[in-house]
1. For segment 44-61, how many residues are among the aliphatic types (A, V, I, L, M) and in a loop (DSSP other than H, G, I, E, B)?
2. Within segment 14-27, how many residues are exposed (fewer than 10 other Cβ atoms within 10 Å of the Cβ) and at pLDDT below 85?
3. Going by what's in this entry, would S62 be described as out of contact with any Leu (no Cβ under 6 Å at 6 or more places or on another chain), modelled with pLDDT of 85 or more and more than 16 Å from R2 (Cα to Cα)?
Amino acid sequence: MRTYTPADDDALQRYVSTFRPRHIQSLQKYGIEDPQNLAESYGNSVDFVDDHANFDVELISSTHTVRLNPIPSSPLR
């Protein structure tokens, strides 16, 4: 799980209104069964590059990543 901290309210609004909708639409092409494969497959795709086109990384002031382990009943096991 990644948590991004927007630099300010304007950055949050730009992220939510422009970047996030493109990102979600492209992610649907890659499935969610295996997060590691998803991240690698999507991260190396043309869609990822397109989604990030003109995205100002200065809008994000920090990123925090935590690896989540599925519970025993999870379909991700």
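1. Step one: list which residues in segment 44-61 are among the aliphatic types (A, V, I, L, M), which gives 46, 49, 53, 57, 59-60.
Restricting the remaining residues to those that are in a loop (DSSP other than H, G, I, E, B) gives 53.
So the count comes out to 1.
2. 0
3. no
The values are calculated or read from the model by the stated rules, or taken from the named source; none is laboratory data. Here the structure is a predicted model, which is why all the values come from computation and not from measurement. Positions of Cβ are backbone-derived with ideal geometry, glycine not excepted, and every protein chain shown enters the neighbour counts.
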